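Only one structure is covered here, and it is reproduced in the block below.
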Amino acid sequence: MKIAGLAVVMAGWLLAMAGLFITGSNAGRAIFATAGIVISLIGSLGILNSAHLATVIWKQ
Amino acid sequence: MNANQFRSRILLAIFGIVGALSLAAPLMAADAAPAAVALTNKDVSGVTGPKTDDLVKGDPSGVSLTGTVNDVPVSDAKIGLTMADVVNQVGQNKVAINFTWTLICGFLVMFMQAGFAMVETGLIRAKNANHTMMMNFMVYGLGLFAYWVCGFAIQMGGCAPVANLGGVNPLNAEKVITFLGKPFGLFGMKGFYLAGTSYDVGVMVLFLFQMVFMDTTTTIVTGACAERWKYSAFCVSTIFLGAIVYPLFGNWAWGCGWLSQLGVNFGLGHGYCDFAGSGVVHSVGGLTALACSLIVGPRIGKFNRDGSPNTIPGHDLVIVLAGCFILAFGWFGFNPGSTLGASGNGCLRIGSVAVNTMLAGCTGSFAALLYMWMRYGKPDASMSANGMLAGLVAITSPSGFVNPLASCVIGWIAGVLVCLSVEFFDRVAKVDDPVGAISVHGVNGLFGVLAVGLFADGKSNYGGSWNGVAGSVTGLFYGDAGQLVAQLIGMSTLLGVIFTLSYVFNWLTDMIVGQRVNAKAELAGLDIPEMGALCYPDYVLKITEYGNQDVPTPVGAKH
């Protein structure tokens, strides 16, 4: 789960970067970058954090 | 025509002439302005300074005897003063002003370490005070060492020229790769150990200023991981942050790396713009703090079995608020100092930068105070402090590009944002951050980066261009959507690359040496198990329901 979370975090950045090459319009690039940011946040605060919360000390 | 009509006409004529002269005055003045004339050696050779007889009498007024032609070095005594001597002295004076400004601002930023140490230590329990203070103390030594060895070279090794500091020309090697036809600067390659050609006066000034910025980043992490971080793991983590992670993003943003060139290579405004480091310093620190907090996990007693959070109050609000003021004071070095000079290339904007900094800190604390007062019925001291810091963090990046009104808005948003973020990490994400470092620096650092893309008013002019793109940095609200995209790419890089890099390294450290102290040590407090000495040996520490020694109480006082 942790590796999956990190992969999603990185995928967000790759999506934002891909937008630079896929489209030349500012609006298109802004959409790609924003989507990338959201995906990275899901990866870090969602998936990765859930993996840590599964074994967290107050649940033991 | 009678006498009255005659007088009226005379008056009218006079008014007409005066009016015409008034309108023509600017044109006449322009015509009358002396044409620029090139000075020659002849013009300066006759200039004489005060005589020795006058000098020995002293100069109480400082008007005419001190700082004269006598103080301009002459390259050839036989020839006397030449225009070349005068011009060289003018150039030397400009660089000297910039060196002095940058160094003094660097000293102010260095003093911020004391502020961070006080804020963080005040917000944790007394039983961990020595441990937290020592983490804040040693980030200076550990971070500086790592930065001197390789961090500075990675960050600034290809940043030349820096005109305000005389060029720093030895730092001229950037590793650049080409991907799909576009160049991407990745890291610098000159300046390791400050040896070789980087033994240069301008490089030394730049090193000092950049080093204290890096130090600020490393000290952010210690607050988020306080009260349960193994000291040895902290040392390893800090060295890695100062040697690799911070310098990498610093290069991309400030060292002529690929983010700064998004304007040149992709036509996105002026590329990623981060005037004083909301992204480079605060987001890097805040996101590393998030990575480390996830790995070390929450403190014992922070969350109940149902996941609801408990408030664990700090032990000394006095040093929290005093430390906060020290930080606000140091920020006047942080932001205005980022011009790297006070003379030439639009550096006189330092006044505007300083006022923007002041205003955002003010509105940040005010917004946080109001939010907490309205939501919980009391004005909260620690959140007011965090609100001020959040405002300062958020204005760090835009401070050089926005006007005072925008600064107030940015600070205000940051003050509310930090309160919402602290609640989010406490109640939703359940990430334990004893001092709110992730919210203050990570979240508001990202907001500061975004704010440049929105609020930059296109009025700044630092030498006519920024990041190699002519003109002034202009945000979406003033007509440049490309700048906003560049900022979004920067935010994505922080979240995607810097967070991942920090997480992976600290994860490996956790596997090898372990990041968290054992439960027994945590319950006892880390001062004795980790550091071998109590911070407050003359105080009896109160026992709480978690077995924690908590609030310091003077010996003999009733509990």
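Just so you know, all these numbers are worked out from the coordinates, no wet-lab data involved. Model, not experiment: these values are computed from the prediction. Cβ sites come from the backbone with ideal geometry, for glycine too, and all protein chains shown count toward neighbours.
Laid out as a table, the results:
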| quantity | calculated |
| --- | --- |
| Chain B: angle of helix B:404-423 to the longest principal axis, Cα-based, in degrees nearest 10 | 10 degrees |
| In nm, spacing of pseudo-spin labels at B:N169 and B:V504 (7 Å Cα→C-beta vector) | 3.9 nm |
| For B:F187, residues with placed amide H under 5 Å, excluding near neighbours | B:K175 |
| Angle between chain B longest axis and helix B:129-146 axis [Cα atoms, degrees, rounded to 10] | 50 degrees |
| Computed lengthening from B:V37 to B:D538, 0.36 nm per intervening residue step minus Cα-Cα distance | 172.8 nm |
| Label point distance in nm, B:F111-B:I97, each placed 7 Å from Cα along Cα→Cβ | 2.3 nm |
| Computed lengthening from B:I177 to B:V513, 0.36 nm per intervening residue step minus Cα-Cα distance | 117.4 nm |
| Exercise: per-residue mean of other protein chain Cβ atoms within 10 Å, B:420-429 | 1 |
| Over chain B, relative contact order from alpha-carbon pairs under 8 Å, at least 6 apart, % | 18 percent |
| Calculated FRET value between B:K520 and B:C235, using beta carbons and R₀ = 25 Å, to 0.05 | 0.70 |
| The range B:296-400 - percent relative contact order, Cα under 8 Å, separation 6 or more | 28 percent |
| Pairwise FRET efficiency - B:L208 versus B:M83, Cβ, R0 = 35 Å, nearest 0.05 | 0.55 |
| Inter-chain shielding of B:495-506 (mean C-beta neighbours from other protein chains, 10 Å cut-off) | 6 |
| Between the range B:279-312 and the range B:141-194, the Cα center-to-center distance that results, in Å | 33 Å |
| Formal net charge of residues neighbouring B:H441 (Cβ-Cβ distance under 13 Å; K, R +1; D, E -1) | -2 |
| Listed peptides B:249-260, B:408-419 by packing density, highest first (mean Cβ within 10 Å) | B:249-260, B:408-419 |
| For peptides B:344-351, B:385-392, B:236-243, sequence by mean Cβ density within 10 Å, most packed first | B:385-392, B:236-243, B:344-351 |
| Inter-label distance, nm, simple model (7 Å from Cα along the C-beta direction), B:S45/B:S308 | 9.2 nm |
| FRET efficiency, 1/(1 + (r/R0)^6) with R0 51 Å, evaluated for A:M1 and B:F329 via beta carbons | 0.70 |
| Built amide H within the under 5 Å cut-off of B:W466, gap 5+ | B:G471 |
| Test item: B:524-531 mean partner chain Cβ contacts at 10 Å | 0 |
| 25 Å Cα-Cα threshold exceeded, pairs from A:K2/A:K59; B:K190/B:K459; A:K59/B:K520 | B:K190/B:K459 |
| The range B:64-159: relative contact order in percent, alpha carbon pairs under 8 Å with at least 6 residues between | 15 percent |
| Charge sum, other residues only, whose C-beta stays under 11 Å from B:Q515's C-beta, Lys/Arg counted +1 and Asp/Glu -1 | +2 |
| Furthest towards positive pole of dipole, A:N26, B:G46, B:T363, structure part the protein assembly as shown, Cβ charges | A:N26 |
| Cα Rg, Dmax, chain B, angstrom units | 28.7, 112 |
| Spatially proximal lysines relative to B:K78 (Cα-Cα < 30 Å; intrachain offsets below 8 disregarded) | B:K42, B:K51, B:K57, B:K94 |
| For the protein assembly as shown, the spread of Cα positions along each principal axis, largest first, Å | 104, 66, 62 |
